[in-house]
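Taking it in order: structure first as structure tokens, then the write-up.
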Amino acid sequence: MLGDIEDWAQAASRLAGGVPLHSALDVTDPGDWLALDAAVREAAWCRPRLLPAWWHSGPPSADLTRLDESRLALALCHRDGRIRQEALRQSLRHPGLLPLVVIRCTDWAEPVREDARRLLSEALNADSALGLAPLILRVGSRDRGAFGVDALGRTLRQASHGRLAALFTDPDRTVRRFAYRLAVEGRLLRPAELARAAARDEDTVVQDLCATAALTALADEDDHERVLTPLLSARNPRVRSAGVTALRRAERSPRAEPFLTDRSALVRACARYVVRQQGGDPAAWYRGRCAAADDRELPPGAVIGLAECGNRSDAGLLRPLLAHPSAGVRARAVAGLRALDRVDAKRLRPLLDDPAAGVVRETAAALLPTAEELPADWLLERIGCERPRHVRVGAFRLLDARGGVAALRAAVGLLEDPDVKLRTWAAQSVQRWHASPDERRGDSEVGELLDRCRHLFSDHVLRRRKWEAGVDN
């Protein structure tokens, strides 16, 4: 796709010179057609010399019957509705101009709009609909755009399954959504095909649409297995959760148990529902898995799962897991203690030096409420360049939350750090900094630190910060 209006003005100039359409724009890209339509009128005002003489003359002197495809494309975008209308009549000779006919179906001039709709209705068939679908659906979001979408739907409903299936893999997710809705409405896909589509497609709307339709259309025992298998093995948690929930209706509830430790909270919640419905106790199951702190195969999902459905007394099972050899288990143990509101700052502090970034990230989040109680010097040691980056980030996050002169000292010290993100966060921290009511007023160090970063403030704001800290001159 071309870039700004200057590029499109040049493209319009090339079309005026007779360059073929496919050389001036990407004829398969809906965005190029829409940009051309808008830019040609813009060029008429901003770059009038780039357009041919007939463009600026009235309809009587514009003999459109002599125009080739490229110049007729410009006429279809003309600011004068009479020229656009006449260009529509001449466009019958050039099927390549159908995209501009689609755009004219939403024209603000009613005669132009009605002529364009008549032409589109006559030209739209199973073959042309496949190529025009992305543009029709894009234009369909405009005012008066419903006609094209309705016409596309009528045409594709009459098309063969194979032609409609070509749209299932279209790179435009809007097209895929439209095609799958038609397939679901017309019951053109079997439940197993819908399940595979839900597992394969990356768009959440398509996933939900196909997964719901697949489970709704289940008919017999054989279908259950063919539908559930792709759903349960899907990468997307929304699709897996739909498959797990369906296990109860399919009378396969025992298969939900392994999903109690799924990496997704949504899937774990659905698995707990299914297990409870068959009389099981997910909390007891989680406690049994977490009781063996030396279990190297303990899945992290079991640890956080216990926190999600357990109670505060279960913190006793989670604390030994802070020393587990698996980083995932350690991180989920910290997150679990935080969820149960059983954070022990002294016990968690050593984990701020953990070699795993995920553990440090969870530890910093858990310690945030008690950041003011942490030793400032201990945190300042951990933002030094010799420390791993994730440790520095975690320590600075806590210092920033702690506030006071320690936070300002840390942020100013990082303003020239080699790490770009840390420098940016430090600058933002300095700009947010205010003197704490609990801090001693008149601290000369605060004045010196603020002077070192005066480039981050206006003179007025700098004076205000100093006045708040009691160090104004």
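The sole residue among Asp417, Asp377, Asp314, Asp354 that is among the acidic types (Asp, Glu) and at pLDDT 95 or above is Asp354. Within the range 165-223, if we keep just the residues that are closer than 25 Å to Asp29 by Cα and part of a loop (DSSP other than H, G, I, E, B), the residue that is farthest from the chain's Cα centre (by Cα) turns out to be Asp170. In the range 430-448, of all residues being assigned to a helix (DSSP H, G or I) and within 40 Å of the chain's Cα centre (by Cα), the one that is surrounded by the fewest Cβ atoms within 10 Å (Cβ to Cβ) corresponds to Arg432. For the range 131-138, check the following and say yes or no: at least one residue is of a type outside the set (S, T, N, Q) and either in the same structural domain as Gly81 (by TED's automatic domain parsing) or without any contact (Cβ under 8 Å) to a residue 12 or more places away in the chain (or both). Among the residues of the range 131-138, not one is of a type outside the set (S, T, N, Q) and either in the same structural domain as Gly81 (by TED's automatic domain parsing) or without any contact (Cβ under 8 Å) to a residue 12 or more places away in the chain (or both), which makes the answer no.
When you go through Ser128, Ser121 one by one, which is the residue that is part of a helix (DSSP H, G or I), closer than 18 Å to Asp29 by Cα and modelled with pLDDT under 95?
Of Ser128, Ser121, the one residue that is part of a helix (DSSP H, G or I), closer than 18 Å to Asp29 by Cα and modelled with pLDDT under 95 is Ser128.
Within the range 258-275, not a single residue is surrounded by fewer than 18 Cβ atoms within 10 Å (Cβ to Cβ), more than 30 Å from the chain's Cα centre (by Cα) and free of Cβ contacts under 8 Å to residues at least 40 places away in the same chain.
Output the residues belonging to the range 236-253 that are in a loop (DSSP other than H, G, I, E, B), more than 22 Å from Thr174 (Cβ to Cβ) and not aliphatic (A, V, I, L, M). Answer for the range 236-253, where residues must be in a loop (DSSP other than H, G, I, E, B), more than 22 Å from Thr174 (Cβ to Cβ) and not aliphatic (A, V, I, L, M): Glu251, Arg252. Among helices (runs of 4 or more DSSP H) entirely within the range 305-413, having at least 1 residues that are in contact with an Asp or Glu (Cβ under 7 Å, 6 or more places away or on another chain) and closer than 26 Å to Arg465 by Cβ singles out 389-402, 404-413. The single condition from (1) within 16 Å of Leu232 (Cβ to Cβ); (2) out of contact with any Lys or Arg (no Cβ under 9 Å at 6 or more places or on another chain); (3) crowded, with 19+ Cβ neighbours inside 10 Å that Arg255 fails is (3). In this entry, Ala427 passes the filter for residues that are out of contact with any Pro (no Cβ under 6 Å at 6 or more places or on another chain), assigned to a helix (DSSP H, G or I) and crowded, with 17+ Cβ neighbours inside 10 Å. Scanning the range 263-322 for residues that are over 29 Å from Pro350 (Cβ atoms) and charged (D, E, K, R) returns Arg272, Arg276, Asp281.
The values are calculated or read from the model by the stated rules, or taken from the named source; none is laboratory data. Only a predicted model underlies this, so the values are computations on that prediction, with no experimental measurement involved. Methodologically, a virtual Cβ is constructed for each residue, glycine included, from the backbone with ideal geometry; neighbour enumeration extends over all protein chains shown.
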